[in-house]
1. Considering ALA68, ALA83, which residue is more than 20 Å from the chain's Cα centre (by Cα), part of a loop (DSSP other than H, G, I, E, B) and not polar (S, T, N, Q)?
2. Within the stretch 94-132, work out how many residues are among the acidic types (Asp, Glu) and modelled with pLDDT of 95 or more.
3. If you take the residues in the stretch 65-99 that are within 19 Å of VAL129 (Cα to Cα) and without any contact (Cβ under 8 Å) to a residue 24 or more places away in the chain, which one is surrounded by the most Cβ atoms within 10 Å (Cβ to Cβ)?
4. Quick one: how many residues across the stretch 161-189 are within 18 Å of the chain's Cα centre (by Cα), under 18 Å from LYS69 (Cα atoms) and of a type in the set (Ser, Thr, Tyr)?
5. Working only within the stretch 125-141, note down all residues that are open to solvent by less than 50 Å² (accessible area, probe 1.4 Å) and either closer than 20 Å to ASN53 by Cα or assigned to a strand (DSSP E or B) (or both).
6. Could you check the stretch 143-154 and list, in sequence order, the residues that are surrounded by 15 or more Cβ atoms within 10 Å (Cβ to Cβ) and assigned to a strand (DSSP E or B)?
7. How about the stretch 134-160: which of its residues are closer than 30 Å to TYR120 by Cβ and under 18 Å from the mean Cα position of the chain (by Cα)?
Amino acid sequence: MNKLLKNQKGFTLAELIISVMIILLILIIIASVFSLNQKVFRKSNLKAELDQNARITLDLMAREIRQAKALVTALPADNSNPALVPHEIQFEDGHNTTQIQYIRYYLDGGNLNRQTIVYYFDTSPGVYVRYNDVDAFGAPESNILEDKVISENFSALDFYGTENITIDLTLTKRGEQVQIRSIINPRNI
């Protein structure tokens, strides 16, 4: 029996430690690669979400600005002087033919809001007029018919241009940022 025990070969302690260290090293490399892949996946999903929010928002604004009857917001020709570039826009709605109403896009914190506004005189509150109309008592009053959030994660919104309106959007979420520019040619202004 003693002879059998002496002939059995096994691993030495050093061999076991080296084997365990190699397995641990392989596991650490696999975990690192997996973690990196997850990080890249989350980052690309976040960028795709921001891109999609920006595109949907631009589609809505572009369609409405393209049909606008009149522009209320005075826009500079370019964005060379950032102090003059407005961060909101208001225009007469060209889609609604039953009444005169205005649409305003503006930022409220990180949210892009869309307002529907009407103007009227106190003498005839049910009759909507243009924002710059004047009666014997002065300028019209305004009433907000609707104010709703259109999109989230906005960090900047700029409008400029005289013939074509340029919109610069910046969306930011968890350190990721997307900037998009769109140029719109209003048909009715």
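1. Among ALA68, ALA83, only ALA68 is more than 20 Å from the chain's Cα centre (by Cα), part of a loop (DSSP other than H, G, I, E, B) and not polar (S, T, N, Q).
2. Going through the stretch 94-132 one residue at a time, the tally reaches 1.
3. Out of the qualifying residues, it is ASN96.
4. So the answer is 1.
5. Passing the criteria: VAL129, ASP135, GLY138.
6. Passing the criteria: ILE150, SER151, PHE154.
7. ASP147, LYS148, VAL149, ILE150, SER151, LEU157, PHE159
The values are calculated or read from the model by the stated rules, or taken from the named source; none is laboratory data. Remember, predicted model here, so these are calculated numbers, not experimental data. In this analysis, Cβ positions are derived from the backbone assuming ideal geometry, glycine residues included, and neighbour counts consider all displayed protein chains. These accessible areas exclude ligands, DNA and RNA; they are computed on the full protein's heavy atoms, side chains included. Shrake-Rupley method; radii C 1.70, N 1.55, O 1.52, S 1.80 Å.
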